[in-house]
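Student: Starting off with a structure, shown below.
The values are calculated or read from the model by the stated rules, or taken from the named source; none is laboratory data. Since the structure is predicted, the reported quantities are computational estimates derived from the model, not experimental observations. Cβ atoms come from the backbone with ideal geometry, glycine included; neighbour counts cover every protein chain shown.
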Amino acid sequence: MDSGISIIILAMVAVFLVARLYKVLGRRTGHERRPDPFPGTANDDQRRDTVMPMPDRTRPSRSDDAAAPVTAPPDAASGPLQAGVAKIRSADPQFDPVKFLAGARTAFEWIIGSFANGDAASLRPLLNDEVFDNFNRAIRARQAAGETLQTTLVGITSADLIEADLQGRNAIVTVKIVSDQINVTRSAEGKIIEGDPSAVAAVTDIWTFARNTRARDVNWILIATRSPN
């Protein structure tokens with residue numbers, strides 16, 4: 001009898017602990033807020049999303065896989081870049097190029113992974129309509145052919161702010177990121193149809209972001225992508 005009562009008591013304690021744990025941790029619904037990769041670019045109580053384009057696979061690797069430090073743009077007294085940064089700061093005094101670039105590196109990994117995985121739903125809030133349509137068409141074409149893309153980000157070698165401007169209330173920022181990647185496309189049968197799993201390529205991405213500096217819900221949106229000239 002005592003043994004039976006002990007088992008009942010232990011079961012009640014276990015149920016109580018599970019209920020308490022549920023209240024503390026909550027339940028994941030799929031709508032949790034992402035970590036903010038752009039700290040310091042707006043008020044802390046505002047929600048910010050980030051955006052990145054798919055990579056350009058253009059040239060062989062330099063075999064320099066060490067992550068380069070994030071640095072501010074050249075501190076020249078004048079020039080188009082510094083003038084553009086100053087314009088953005090006039091509308092958003094908290095805009096920090098160094099923190100922005102650090103966030104860009106983090107966001108880069110998110111978007112490259114989402115595109116390779118064919119996760120259009122995760123990409124949708126991060127891109128304007130035109131850029132999203134381009135990404136989504138590429139994903140659908142890959143899926144229709146039964147192909148898969150595997151992207152391995154070996155490392156980011158440099159991240160540089162190359163253009164900045166304030167157009168009306170919109171901050172416009174262009175970033176160049178050079179990274180070492182391995183990209184392999186496989187057929188539905190698993191055969192490699194493009195890329196080499198043993199070949200690391202240096203990839204250069206140039207992204208242009210925009211956001212409304214007066215909006216309460218501040219979002220960085222990818223509005224254009226291009227390859228180096």
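Student: Out of 179, 198, I need the residue that is of a type in the set (Ser, Thr, Tyr) and exposed (fewer than 13 other Cβ atoms within 10 Å of the Cβ). Which one? Can you show your working first?
Tutor: Numbers: 179 fails: exposed (fewer than 13 other Cβ atoms within 10 Å of the Cβ).
Just one listed residue meets the conditions, 198.
Student: Can I ask one more? Can you spot a residue in region 139-159 that is out of contact with any strand residue (DSSP E or B) (no Cβ under 8 Å at 6 or more places or on another chain) and among the polar types (S, T, N, Q)? I'd like the intermediate steps shown before the answer.
Tutor: Here is the first cut: in region 139-159, the residues out of contact with any strand residue (DSSP E or B) (no Cβ under 8 Å at 6 or more places or on another chain) are 139-141, 143-146.
Those still in the list that are among the polar types (S, T, N, Q) too: 143.
Yes: region 139-159 contains one or more residues that are out of contact with any strand residue (DSSP E or B) (no Cβ under 8 Å at 6 or more places or on another chain) and among the polar types (S, T, N, Q).
Student: Does residue 189 satisfy the criteria of being over 21 Å from residue 82 (Cα atoms), out of contact with any helix residue (DSSP H, G or I) (no Cβ under 9 Å at 6 or more places or on another chain), charged (D, E, K, R) and not in a loop (DSSP other than H, G, I, E, B)?
Tutor: Numbers: over 21 Å from residue 82 (Cα atoms): yes; out of contact with any helix residue (DSSP H, G or I) (no Cβ under 9 Å at 6 or more places or on another chain): yes; charged (D, E, K, R): yes; not in a loop (DSSP other than H, G, I, E, B): no.
In short, no.
Student: Quick check on region 144-153: of everything there that is of a type in the set (A, V, I, L, M, F, W, C) and touching a residue at least 12 places away in the same chain (Cβ under 8 Å), which residue is farthest from residue 87 (Cα to Cα)?
Tutor: Taking region 144-153 and keeping what is of a type in the set (A, V, I, L, M, F, W, C), we get 144-145, 149, 153.
Right, trim to touching a residue at least 12 places away in the same chain (Cβ under 8 Å) and you get 145, 149, 153.
Details: 145: 47, 149: 40, 153: 34 Å.
Going through the qualifying residues, I end up with 145.
Student: Quick check on my filter: what residues within region 154-186 are out of contact with any Lys or Arg (no Cβ under 6 Å at 6 or more places or on another chain) and over 30 Å from residue 83 (Cα atoms)?
Tutor: We begin by selecting, within region 154-186, every residue out of contact with any Lys or Arg (no Cβ under 6 Å at 6 or more places or on another chain); these are 154-155, 157-158, 161, 163-165, 167-168, 170, 172-182, 184-186.
154, 155, 180, 181, 182, 184, 185, 186, listed by residue number.
Student: Going through 131, 203 one at a time, which residue ends up being within 20 Å of residue 227 (Cα to Cα) and assigned to a strand (DSSP E or B)? If you could, list the steps in order and put the result at the bottom.
Tutor: Working: 131 fails: assigned to a strand (DSSP E or B).
Result: 203 is the single residue among 131, 203 that is within 20 Å of residue 227 (Cα to Cα) and assigned to a strand (DSSP E or B).
Student: Working only within region 124-143, note down all residues that are under 28 Å from residue 84 (Cα atoms) and either buried (at least 18 other Cβ atoms within 10 Å of the Cβ) or of a type in the set (Val, Ile, Thr) (or both).
Tutor: Within region 124-143, 126, 127, 131, 132 meet the criteria.
Student: Can you pull out every residue in region 98-143 that is of a type in the set (Lys, Arg) and either in contact with a helix residue (DSSP H, G or I) (Cβ under 7 Å, 6 or more places away or on another chain) or touching a residue at least 60 places away in the same chain (Cβ under 8 Å) (or both)?
Tutor: Kept after step one, since they are of a type in the set (Lys, Arg), are these residues of region 98-143: 99, 105, 124, 137, 140, 142.
Scanning region 98-143 gives 99, 105, 124.
Student: Sticking with this one: Hey, among the residues in region 99-122 that are of a type in the set (A, V, I, L, M, F, W, C) and at pLDDT 90 or above, which one's surrounded by the most Cβ atoms within 10 Å (Cβ to Cβ)? Working first, answer last.
Tutor: So in region 99-122, the residues of a type in the set (A, V, I, L, M, F, W, C) come out as 100-102, 104, 107-108, 110-112, 115-116, 120-121.
Keeping just the survivors that are at pLDDT 90 or above gives 115-116, 120-121.
Working: 115: 23, 116: 21, 120: 17, 121: 9.
By that ranking, first place goes to 115.
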